[in-house]
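Read the structure below first, then the notes.
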Amino acid sequence: MTETLPATWYRGAAQYDRERRGAFGATWLYAAHTAELVSPGSYVARECAGYPILIARRDDQSLQGFHNVCPHRAGPLVHDGTGTATSFVCRYHGWVFETDGALRSARDFGAPGEEPDCSLFALRTEVWRGLVFVNVDGAAPPLADALGGFAEQTKGFDFESFVPAGEWHHDLACNWKTYAENYLEGYHIPIVHRELARSIEVRSYEVIARDDWCLHRAPAKDGTVLDGRWLWRWPNLALNLYRDSMNLEQFVPMGPDVTRIAYRYFSRDGTLDEEVSRLSKLLLMEDAQICEAVQRNLDAGVYDRGVLSPRHEQGVALFQRLLRASASPESIGEPESLT
Ligand code: FES
Ligand SMILES: [Fe+2]
């Protein structure tokens, strides 16, 4: 019988810090879509697990990720969101950086010749089928190798040409793992998602868990807009693919006890199917309610560990294996006295 992670892992700064470094910092994180970065100077700024990420299209058309952190005294360069800039002007003391990260000028810094020699903190950046990823620690395998089996599962879905069709986010009062584990099993569907349960063959719902990705599938009943492929990749990316659109969902930790669920819709013609939008929001609201209730119970100090269903919760088991391997005190290399 597979035991769950201990409840203590779902709260507090110490475990969150391990996960920031071991789970988020050490792999490829989705950061932006190339359709949001069309012309030189366009940029996207977003935070993920406490990493302020800035992606910019340079004059030579290449994409480069940076930390949205000024090397002077850690000021922010741009507000979160999308925009276009011919340079980045730090919002603290006004140093100016080129879109390739080089320092152009340090305002009124000192006498001539005293200008600092620095540039923006660069992030390793690669693109796969229009999706821009960054790797914070710089040590992950090349993106195409890392995506391996996950990438295979997207074959047949022609989403390179999709353009943004809308976005939406909702903050949940729970640890990111509480939501991720909920996403990774369909066991709760008949109880929590009554409408979804009527649209698919719930009894045939299955989750295929491999390496660092999962595929959910269930035969759709005629007429549902949810006839597609639901994929997840470690640690926090879900790609819900349909024939003419996709919903790119990210579980973004905003701290140990707040998780932002960001939905970004893309479609062939830039329009958002109202029914896809309605259903995805309904499902999220249903999941939000149960995840926040579970989190309160994890925090209550009654429950420590449970067990996972071999039939329904193999996705959760995979997630917890990956978590133990990347962000336990042992895998992070902490001395025992700190654990
Ligand atoms: S922190 Fe950016 S200019 Fe001072
Ligand atoms: Fe759910």
query = How much net charge surrounds A56 when only other residues with a Cβ under 13 Å from its Cβ are counted (Lys, Arg +1; Asp, Glu -1)?
reply = -2
key: Anchor K177: lysines whose Cα lies under 21 Å away (excluding residues fewer than 8 positions away in-chain)   = K281
query = Ordered by residue, what ³J(HN,Hα) values in Hz, to whole numbers, does region 297-302 give under the Karplus form 6.51 cos²θ - 1.76 cosθ + 1.60, where θ = phi - 60° and Gly and Pro are x?
reply = 6, 5, 7, 6, x, 9
request  = Could you provide, to the nearest whole Å², the per residue accessible area of region 2-120 with probe 1.4 Å?
outcome  = 44 Å²
ask   = Residue-wise, which Karplus ³J(HN,Hα) couplings in Hz belong to region 16-29, taking 6.51 cos²θ - 1.76 cosθ + 1.60, θ = phi - 60°, and x for glycine or proline?
value = 4, 5, 4, 5, 4, 6, x, 9, 8, x, 9, 9, 7, 10
key: Qualifying trypsin sites (Lys or Arg not before Pro) for region 252-333 [loop in DSSP, other Cβ within 10 Å: at most 13]   = R305, R311
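In nm, what is the difference between 0.36 nm times the number of residues separating I191 and T8 and their Cα-Cα distance? List each step's numbers first, then the result.
Numbers: separation 183, 0.36 × 183 = 65.88 nm, distance 2.65 nm.
Going from the current span to full extension adds 63.2 nm.
Please compute, over every Cα-Cα pair in the chain, the percentage with a separation greater than 29 angstrom. Walk me through the numbers on the way to the answer.
On the way: 23956 of 57291 pairs.
Counting every Cα pair in the chain, those more than 29 Å apart make up 42 percent.
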remark   = For the chain, whose charge dipole is built from +1 on Lys and Arg Cβ atoms and -1 on Asp and Glu Cβ atoms, the candidate among N247, V38, A102 with its Cα farthest towards the positive end is N247
ask   = How much space per residue, in cubic angstrom, does the convex hull of the C-alpha atoms of region 75-118 take up?
value = 74 Å³
query = Using the Karplus equation 6.51 cos²θ - 1.76 cosθ + 1.60 (θ = phi - 60°), what ³J(HN,Hα) coupling, rounded to whole Hz, does each residue of region 109-116 give in order, writing x for Gly and Pro?
reply = 6, x, 6, x, x, 9, 4, x
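What is the extension gain from R217 to D60, computed as 0.36 nm multiplied by their sequence separation minus the C-alpha to C-alpha distance, in nm to one decimal? The partial results should precede the final answer.
Numbers: separation 157, 0.36 × 157 = 56.52 nm, distance 4.16 nm.
Value of the extension gain: 52.4 nm.
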query = Using a Förster distance of 35 Å, how high is the FRET efficiency between V38 and Y92, based on the Cβ-Cβ distance and rounded to 0.05?
reply = 0.75
remark   = For H170 the rounded accessible area (nearest 10 Å², probe 1.4 Å, non-protein molecules ignored) is 50 Å²
request  = Between D269 and D227, with labels modelled 7 Å along Cα→Cβ, what's the label distance in nm to one decimal, could you check?
outcome  = 1.9 nm
key: Sparse-neighbourhood loop sites, GluC sites (Glu not before Pro) in region 154-229 - DSSP loop, at most 12 other Cβ within 10 angstrom   = E160, E201
task = Could you look at region 1-76 and say what percent of its accessible area is carbon and sulfur, using a 1.4 Å probe and all protein chains?
result = 51 percent
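Could you work out the local net charge near V44, counting Lys and Arg as +1, Asp and Glu as -1, over the other residues with Cβ closer than 14 Å to its Cβ?
On the way: positive: R46, R57, R58, R264; negative: E36, E47, D80, E167.
Cβ neighbours under 14 Å give a net charge of 0.
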query = For region 22-108, which chymotrypsin sites (Phe, Trp or Tyr not before Pro) are both in a DSSP coil and crowded by at most 15 other Cβ atoms within 10 Å?
reply = Y92
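Would you mind counting up the charge near C214? Only other residues with Cβ under 14 Å from its Cβ, with Lys and Arg at +1 and Asp and Glu at -1. Please report the intermediate quantities before stating the final value.
Working: positive: R210, R217, R229, R233, R321; negative: E152, E181, E185, E206, D211, D212, E249, E313.
Overall, the nearby charge balance is -3.
The values are calculated or read from the model by the stated rules, or taken from the named source; none is laboratory data. None of these values were measured; they are calculated from a predicted model. We place every Cβ from the backbone using ideal geometry, glycine too, and count neighbours over all the protein chains shown. When the accessible area is computed, the model is the full protein with side chains, heavy atoms only, and any ligands, DNA or RNA have been set aside. Shrake-Rupley method; radii C 1.70, N 1.55, O 1.52, S 1.80 Å.
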